[in-house]
1. May I ask you to list the residues in the range 124-147 that are within 16 Å of the ligand (Cβ to nearest atom), part of a helix (DSSP H, G or I) and of a type outside the set (Ser, Thr, Tyr)?
2. Return the residue satisfying two criteria in turn: it lies in the range 197-220 and is part of a loop (DSSP other than H, G, I, E, B) and more than 9 Å from the ligand (Cβ to nearest atom), and of such residues it is surrounded by the fewest Cβ atoms within 10 Å (Cβ to Cβ).
3. Could you say which residue among Ile70, Ile89, Ile25 is at pLDDT 95 or above, farther than 23 Å from Ile178 by Cβ and touching a strand residue (DSSP E or B) at 6+ places or on another chain (Cβ under 9 Å)?
4. Check Arg169, Arg104 and return the single one that is more than 16 Å from the ligand (Cβ to nearest atom) and under 16 Å from Lys66 (Cα atoms).
5. Could you say which residue among Leu4, Leu59, Leu81 is in contact with a Phe, Trp or Tyr (Cβ under 8 Å, 6 or more places away or on another chain) and closer than 23 Å to Arg113 by Cβ?
6. Going through Ala82, Ala94, Ala77 one at a time, which residue ends up being part of a helix (DSSP H, G or I), in contact with a His (Cβ under 7 Å, 6 or more places away or on another chain) and either on the phi < 0 side of the Ramachandran plot or among the hydroxyl-bearing types (Ser, Thr, Tyr) (or both)?
7. Buried (at least 21 other Cβ atoms within 10 Å of the Cβ), β-branched (Val, Ile, Thr) and in a strand (DSSP E or B): which single residue out of Val121, Val158 fits that description?
8. For Pro181, indicate whether it is within 12 Å of the ligand (Cβ to nearest atom) and of a type outside the set (A, V, I, L, M).
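The values are calculated or read from the model by the stated rules, or taken from the named source; none is laboratory data. As the structure is a prediction and not an experimental result, all values here were calculated from the model. Here the Cβ positions follow ideal geometry from the backbone for every residue, glycine too, while neighbour counts run over all protein chains shown.
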Amino acid sequence: MSGLSSAHPVFVALDTTSREKALAIANAVAPHVGGLKVGLEFISALGPDGIRAMVATGLPVFADVKFHDIPNTVAGAVRALAPLGPAIIDVHAAGGSAMMRAARDAAAETTPRAKIIAVTVLTSLDSPGLAETGVAASPLDQVVRLARLAQGAGLDGVVCSPLEIAAVRKACGPGFLIVTPGVRPAGAALGDQQRVMTPGEAISAGADFLVVGRPITGASDPAAAARAIAAECAHAALS
Ligand code: C5P
């Protein structure tokens with residue numbers, strides 16, 4: 001597993017069931033990204049071998065598994081996943097602090113230890129979508145509440161939408177990882193993402209890492225798209 005680097009903040013989301021396609025994109029964008037993100041689609045189709053193949057590229061891998069179950073089950077899942085070599089694993093903060101602590105403790109059994117971060121509120125949920133689930137708080141308030149819970153449980157950071165980055169940074173301080181999907185270069189299609197910003201805006205707001213899927217993987221030239229997003233991030237980091 002190679003290390004995370006703030007100089008390369010983009011994780012490309014490989015949302016595909018094809019190992020060949022994932023490897024082709026990974027190789028094409030490797031010079032411009034800080035890591036690869038594999039999630040439920042990839043892992044459901046390609047399993048542990050698929051994760052190993054991504055780890056073997058030498059880029060840090062974010063296993064976006066979004067575990068959400070009883071603490072004992074989540075600990076077992078983290079114990080099974082960590083030895084495959086991901087640099088980052090996530091769980092849902094809504095699973096509660098006991099569940100998050102169990103994930104953290106299970107990760108500590110493997111060296112090097114994967115960072116455990118918590119998904120706060122899915123970036124596809126807006127206020128009415130959240131209200132439908134019985135949460136009356138605004139997405140911003142709910143994200144900050146869950147980020148504090150995750151930090152109290154000893155996690156390394158959170159996943160939140162760009163719109164909550166500044167509030168989470170203020171609530172949780174420096175050194176707490178903020179990973180942000182829902183990033184869209186100006187003019188790009190939103191898809192199902194509701195709470196979005198451009199890559200430069202997200203970095204300026206205080207994000208450590210950006211997860212970018214379709215704007216790179218759906219581009220006619222993924223390497224060029226990744227290069228442009230990386231350049232925008234570098235520019236924002238300097239200003
Ligand atoms: O294609 P797009 O850029 O929307 O991809 C974003 C990626 O980030 C997807 O793989 C999605 O699963 C992931 N993600 C998200 N919202 C979260 C956590 C992860 O969109 N809260």
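1. Listed by number, the residues that qualify are Gly129, Leu130, Pro139, Leu140, Gln142, Val143, Val144, Arg145, Leu146, Ala147.
2. Taking the range 197-220 and keeping what is part of a loop (DSSP other than H, G, I, E, B), we get 198, 206-208, 213, 218-220.
Still in the running and more than 9 Å from the ligand (Cβ to nearest atom): 198, 206-208, 219-220.
Details: Thr198: 19, Gly206: 15, Ala207: 26, Asp208: 18, Ala219: 18, Ser220: 6.
Residue satisfying both the conditions and the ranking: Ser220.
3. Details: Ile70 fails: touching a strand residue (DSSP E or B) at 6+ places or on another chain (Cβ under 9 Å); Ile89 fails: farther than 23 Å from Ile178 by Cβ.
When all the criteria are applied, what remains is Ile25.
4. Values: Arg169 fails: under 16 Å from Lys66 (Cα atoms).
Just one listed residue meets the conditions, Arg104.
5. Testing whether each residue is in contact with a Phe, Trp or Tyr (Cβ under 8 Å, 6 or more places away or on another chain) and closer than 23 Å to Arg113 by Cβ leaves just Leu4.
6. On the way: Ala82 fails: in contact with a His (Cβ under 7 Å, 6 or more places away or on another chain); Ala77 fails: in contact with a His (Cβ under 7 Å, 6 or more places away or on another chain).
Checking each option against the conditions leaves just Ala94.
7. Working: Val121 fails: in a strand (DSSP E or B).
Just one listed residue meets the conditions, Val158.
8. Details: within 12 Å of the ligand (Cβ to nearest atom): yes; of a type outside the set (A, V, I, L, M): yes.
In short, yes.
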